[in-house]
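Quick notes on the structure that follows.
The values are calculated or read from the model by the stated rules, or taken from the named source; none is laboratory data. Computed from a predicted model, the values in this text were never measured in an experiment. Heads up, the Cβs are rebuilt from the backbone with ideal geometry, glycines too, and the neighbour counts pull from every protein chain shown.
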Amino acid sequence: MPDAYVIEVGGRTAGIVARDSHSHSFNFFSADRPFNVMEGQRFSDPLAAERVARMLAKHGSLPRHRELARPRQGAAPRRFG
C-alpha cells in the first residue's frame, strides 16, 4: 500500500494524505485554499479523507461526525460544524 495519496474533488486537487508510520493513520495536507480547514487532520484511511473533502466542497463546512476525522495527536480538538 502506498504511503501517500492525492485527494481530488471535482477535478481539482484538494490535498494529499500521507501515512504516519507511528500512528498508522493518514495526515492531510491541503493543496487548495478551500480545503485549508482540513490541514493537519488525521484520517483512518485515504477514503475517509476523500469523503470529508467532498462534503466540504459540497456544503462549505466540515461534517459534524467526529468519527470521519480525528485531530492530530497533541493538537487541540477541533469541532466540526
Restricting region 10-20 to residues that are at pLDDT below 95 and under 21 Å from residue 55 (Cβ atoms), the one surrounded by the fewest Cβ atoms within 10 Å (Cβ to Cβ) turns out to be 11
Tell me the residue from 53, 31, 57 that is under 9 Å from the mean Cα position of the chain (by Cα) and either modelled with pLDDT under 95 or among the small types (Gly, Ala, Ser) (or both), please. 53
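If you go through region 28-41 one residue at a time, do you hit one that is on the phi > 0 side of the Ramachandran plot and either loosely packed, with under 12 Cβ neighbours inside 10 Å or touching a residue at least 12 places away in the same chain (Cβ under 8 Å) (or both)?
Initial filter on region 28-41 (on the phi > 0 side of the Ramachandran plot): 40.
This time we only want the ones that are either loosely packed, with under 12 Cβ neighbours inside 10 Å or touching a residue at least 12 places away in the same chain (Cβ under 8 Å) (or both), so: 40.
Checked region 28-41: at least one residue is on the phi > 0 side of the Ramachandran plot and either loosely packed, with under 12 Cβ neighbours inside 10 Å or touching a residue at least 12 places away in the same chain (Cβ under 8 Å) (or both).
If we only count strands (runs of 3 or more DSSP E) wholly inside region 1-57, which ones have 2 or more residues that are polar (S, T, N, Q)?
Working: elements: 4-9, 12-20, 25-30.
In region 1-57, 25-30 are the strands (runs of 3 or more DSSP E) which contain 2 or more residues that are polar (S, T, N, Q).
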